[in-house]
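J.: Let me give you the structure first, and then I'll get to my questions.
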Amino acid sequence: MASTSAALKLLAQENTLSELFVRGEDERPKVAHNAFRDDIPVISLAGIDVSAERRSEIREKIAEASEEWGLFQVIDHGIDPDLISKMTRLSQDFFSLPDDEKLRFDMSGGKKGGFIISSHLQGEAVMHWRELVTFFSYPIGARDYSRWPDKPEGWKAVTEAYSENVIGLARKILELLSEAMGLEKDAIAKACLEMDQKIVVNFYPKCPQPDLTLGIKKHTDPDTITVLVQDQVGGLQVTKDGGKTWITVRPVKGALVVNIGDHVHYLSNGRFKSALHRAVVNSDSSRLSIATFQNPAPEAIVYPLINSNIREGEEKPLLEEPITFAEMYKRIFRRGLKLGEGKPQNQTELDLTDIIA
Ligand SMILES: O=C(O)CCC(=O)C(=O)O
Ligand SMILES: [Fe+2]
């Protein structure tokens, strides 16, 4: 398929799904995008810095949700709802731009950031029903604004404010997780050396046969922690039994979804799960989500932080030896290949090249 963005739009108008997107029977979604369930905790952060009691109450809820699901929603998180809706609106506007405007930021050919139909970058047989635009926002000094969209009007200022607010919130949640592990509140931040950040705006067009395909297949995020905003359509699903049963996360107005990534999974020696999740699509409307990934520096050392039990031999470490974050990525990548899954079709592959490059 030579053309990129035009292709998905045209395919979306067909009555039947192109076979490029058809998944095997076992991977096809059995739970609808709007079969919402309330299993996933919605946690209010109100009063987090007001009293020690309130802080510990919030900490317990977050730790519990991270142990059980590796995913939860936060409300009263302190980020201006107006900023979030501006970010969402501008993102929608970006995807409504004519193809040639979006393709000015075409990411194919190994560019760091830009617009892609993810499917086209990957060697895997089945494609994702998704377009995305991605760009790196931290460290600030390394920002390459030439890879940030310059349209719609106002994108840059809104995105800068949004990315700063999200990294602030992510830091707060990482402080609570550090405390929950019995460590100083800056323990995870220190283990990151420096916090990098990357924003991925996902756009899932309407799909003629949503039961046969996925917007993004099951994966864990390989970062430290992800903060996601989704519209009210629904489609994010999570499992805690390896994919036997899937829960559709109910979109809550103003809430942010928080995912624990593989990095925190290793730092906590498996106590906190990295959520196994995916996105399903539908035939009624398109869907938008904005995932903001917080990553450690590539040279940050990954090893369980709670290692006294490990030293005393009471607990087995998840990792045999300390490795760098860049190495952690490589291993996740290789594992994907070894399991015969083809190249991992989530952020892993992109991040791998981004980090190693
Ligand atoms: O669209 C969603 O809800 C999930 C997106 C996602 O998992 C990702 O971008 O890593
Ligand atoms: Fe994800």
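J.: Exactly which trypsin sites (Lys or Arg not before Pro) in region 179-262 are in a DSSP loop and have at most 10 other Cβ atoms within 10 Å? Walk me through the intermediate numbers first.
T.: On the way: sites: K185, K190, K198, K206, K217, K218, K240, K244, K253; in loops: K185, K206, K240, K244, K253.
For trypsin sites (Lys or Arg not before Pro) across region 179-262 that sit outside H, G, I, E and B with at most 10 neighbouring Cβ atoms in 10 Å, the list reads K244, K253.
J.: Restricting to Cα pairs below 8 Å that are 6+ residues apart, what does the relative contact order work out to for region 43-124? Please round to a whole percent. Walk me through the numbers on the way to the answer.
T.: Working: 46 pairs, mean separation 16.5, N = 82.
The normalised contact order for region 43-124 reaches 20 percent.
J.: OK, next. Just how many % of Cα pairs in region 133-212 lie over 15 Å apart, if you round to the nearest whole percent?
T.: Working: 2099 of 3160 pairs.
In whole percent, the long-distance tail amounts to 66.
J.: Given 4 °C and 1.567 mPa s, compute D for region 191-285 with the Stokes-Einstein relation, Rh being the Kirkwood radius over Cα pairs; round to the nearest whole µm²/s.
T.: Details: Rh = 14.6 Å.
Result for D is 89 µm²/s.
J.: Checking the a/c ratio against 1.5 first, then a/b against b/c, what shape does the Cα gyration tensor give for region 62-161? Walk me through the numbers before you get to the answer.
T.: Values: a/c = 1.81, a/b = 1.25, b/c = 1.45.
Oblate.
J.: Right, another one. Expressed as a rounded percentage, what relative contact order does the chain have, with Cα pairs under 8 Å and six or more residues apart?
T.: 21 percent
J.: Hey, any idea what % of the chain's accessible area is carbon plus sulfur with a 1.4 Å probe?
T.: On the way: 7780 of 15280 Å².
Of all accessible area on the chain, carbon and sulfur atoms account for 51 percent.
J.: Could you tell me which of the pairs K151/K198; K190/K273; K198/K330; K156/K240 are separated by over 26 angstrom between their Cα atoms in the structure shown? Don't skip to the answer; put the middle values down first.
T.: Values: K151/K198 19 Å; K190/K273 20 Å; K198/K330 19 Å; K156/K240 37 Å.
Over 26 Å Cα-Cα: K156/K240.
J.: List, in order, the whole-Hz ³J(HN,Hα) value for each residue of region 50-59 obtained from phi through the Karplus relation with A = 6.51, B = -1.76, C = 1.60 and θ = phi - 60°; use x for Gly and Pro.
T.: 8, 9, 5, 5, 4, 4, 6, 4, 5, 4
J.: How big is the accessible area of E299 in square angstrom, nearest 10, if you roll a 1.4 angstrom probe over the protein chains?
T.: About 110 Å², ignoring ligands and nucleic acids.
J.: So how tilted is helix 347-356 from the main axis of the chain? Cα-based, degrees 0 to 90, rounded to 10.
T.: 70 degrees
J.: Taking amide H positions as placed 1.01 Å from N in the peptide plane, with prolines and chain starts having none, which residues 5 or more places from V302, or on another chain, fall under 5 Å of its amide H?
T.: For V302, whose amide H was placed from the backbone, the distant partners under 5 Å are I323, T324, F325.
J.: Another question, then. Based solely on its DSSP helices, what 222 nm [θ] is calculated for the chain when runs of n ≥ 4 H residues each add -39,500 (n - 2.57) and the sum is averaged over all residues, nearest 500 deg cm²/dmol? Don't jump to the answer; show the numbers that get you there.
T.: Numbers: 11 runs with 115 residues, N = 357.
-9500 deg cm²/dmol, from helical runs alone.
J.: Now, a different point. Give me the compactness ratio for region 239-332, meaning the Cα radius of gyration over 2.2 N^0.38 Å.
T.: Details: Rg = 16.9 Å, N = 94, 2.2 N^0.38 = 12.4 Å.
Against the compact-globule rule of thumb, the ratio is 1.36.
J.: Now a separate question. Would you kindly compute the Cα radius of gyration of region 1-82 and its largest Cα-Cα separation (Dmax), both in Å?
T.: For region 1-82, the Cα radius of gyration and maximum Cα-Cα distance read 20.9, 59 Å.
J.: Does region 144-259 come out rounded, prolate or oblate by the C-alpha gyration tensor, with a ≥ b ≥ c the root eigenvalues, rounded set by a/c under 1.5 and, if not, prolate when a/b is larger than b/c and oblate if not?
T.: On the way: a/c = 2.12, a/b = 1.17, b/c = 1.81.
The shape class here is oblate.
J.: Still on this structure: Need one number: the % of Cα-Cα pairs in the chain sitting beyond the 27 Å mark. Mind dumping the intermediate values first?
T.: Details: 28175 of 63546 pairs.
So the portion of pairs separated by more than 27 Å is 44 percent.
The values are calculated or read from the model by the stated rules, or taken from the named source; none is laboratory data. Owing to the predicted nature of the structure, the values given are computational and were not obtained by experimental measurement. Glycine also receives a Cβ, built like all others from the backbone with ideal geometry; neighbour counts cover every protein chain displayed. We work out accessible area using only protein heavy atoms, side chains counted, and drop any ligands, DNA or RNA first. Shrake-Rupley method; radii C 1.70, N 1.55, O 1.52, S 1.80 Å.
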